[in-house]
Amino acid sequence: MASLVCATCRKLIPPGTSAIRCTVASCNTGRMKLRFCSISCWEKHIPTARHRKANYVIEGESAP
Ligand SMILES: [Zn+2]
Ligand SMILES: [Zn+2]
């Protein structure tokens, strides 16, 4: 399992840790799937990505 890096602060998100995922489709297409270490980092992503309507999901808690 590859470890993730927060798209805002570049902090490592270790496997097994819950990560914040942007639900906007353009952030989930292609190879680059954006992940954030916290909701505040996700909020900083909104103005840079120019999302008009943004939401997030917390993932990483379901995978055993
Ligand atoms: Zn972060
Ligand atoms: Zn986004």
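A short reminder: the numbers here are calculations on the coordinates, not readings from a lab. Bear in mind the structure is a predicted one, so any value in this text is a computation, not a measurement. Backbone-built Cβ (ideal geometry, glycine too); neighbour counts: all protein chains shown.
With the alpha-carbon atoms of the chain aligned to their principal axes, the span from lowest to highest coordinate is 34, 20, 19 Å, starting with the largest. Between helix 39-49 and the chain there is an angle of about 40 degrees, using the helix long axis and the longest principal axis of the Cα atoms. Annotation: amide H-H contacts under 5 Å for TYR56 (H modelled 1.01 Å from N, sequence separation of 5 or more, or interchain): THR23. Label sites at ILE58 and SER38, each approximated as a point 7 angstrom past Cα along Cα to Cβ, lie 1.4 nm apart.
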